[in-house]
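The values are calculated or read from the model by the stated rules, or taken from the named source; none is laboratory data. Note that the coordinates shown come from a computational prediction; the quantities given were computed from them, not determined experimentally. In this analysis, Cβ positions are derived from the backbone assuming ideal geometry, glycine residues included, and neighbour counts consider all displayed protein chains. Calculation scope for accessible area: heavy atoms of the full protein, side chains included, ligands and nucleic acids excluded. Shrake-Rupley method; radii C 1.70, N 1.55, O 1.52, S 1.80 Å.
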Amino acid sequence: MSRRKVWGIEREVLEMINQASRQTHPLEFVAAMRAEDGVIYELVLLPGSISSGGSATFPSFNLPIDLSIVGSVHSHPGPYNEPSEADLHLFSSYGSTHIITCMPYDMSSWRCYDRQGRPVELQVV
Ligand SMILES: [Zn+2]
């Protein structure tokens, strides 16, 4: 089995995602993610990204042209981390690696998906 291009995420980034999700709750937290050598090491907060009670909107016109950005992360202010229809649309239009976290926003509440919305493994490093 070949390793995905993006295969890992730094623990601190996950902790930051959980913390930001808790602070944004009950709204959704949304950000882009940057990777180097296959490991996500940074969140990129997007000016103009809208979070509402419904679903996070990812303003593609605001996305920087930056090849180190590999995908998106957002939170679900509920107990499920499965992608919604809108999420699948976002996944297919931008990036290869997407994380959704949900309540209670801890180290076991997140999941990683590929462009098609299929769960993929991401190692915490
Ligand atoms: Zn969602």
Name the single residue, out of those in the range 75-91 being part of a loop (DSSP other than H, G, I, E, B) and over 13 Å from Val30 (Cα atoms), that is farthest from the ligand (Cβ to nearest atom). Pro79
Qualifying residues in the range 92-113 (those that are part of a strand (DSSP E or B) and of a type in the set (A, V, I, L, M, F, W, C)) - the one surrounded by the most Cβ atoms within 10 Å (Cβ to Cβ): Ile100
If we ask which residues in the range 7-27 are outside any helix (DSSP H, G or I) and open to solvent by 10 Å² or more (accessible area, probe 1.4 Å), their number turns out to be 5
Return the pair list, or none, for Cβ contacts closer than 9 Å from residues in the range 96-125 that are closer than 19 Å to Val39 by Cβ and away from the ligand (no atom under 16 Å from the Cβ) to residues that are among the polar types (S, T, N, Q) and at pLDDT 95 or above, at least 6 apart or on different chains. Met107/Asn18; Val120/Thr97; Leu122/Thr97
With the condition kept exactly as written, say whether any residue in the range 62-74 is open to solvent by 70 Å² or more (accessible area, probe 1.4 Å), within 16 Å of the ligand (Cβ to nearest atom) and at pLDDT 85 or above. no
Could you list, ordered by first residue, the pairs with Cβ atoms under 9 Å in which the first is in the range 24-38 and among the polar types (S, T, N, Q) and the second is open to solvent by less than 70 Å² (accessible area, probe 1.4 Å) and within 15 Å of the ligand (Cβ to nearest atom), at least 6 apart or interchain? Thr24/Val30; Thr24/Ser51; Thr24/Ser75; Thr24/Pro77
Which of (1) open to solvent by 20 Å² or more (accessible area, probe 1.4 Å); (2) under 13 Å from the mean Cα position of the chain (by Cα); (3) at pLDDT below 95 is the odd one out, the single condition Tyr41 does not satisfy? (3)
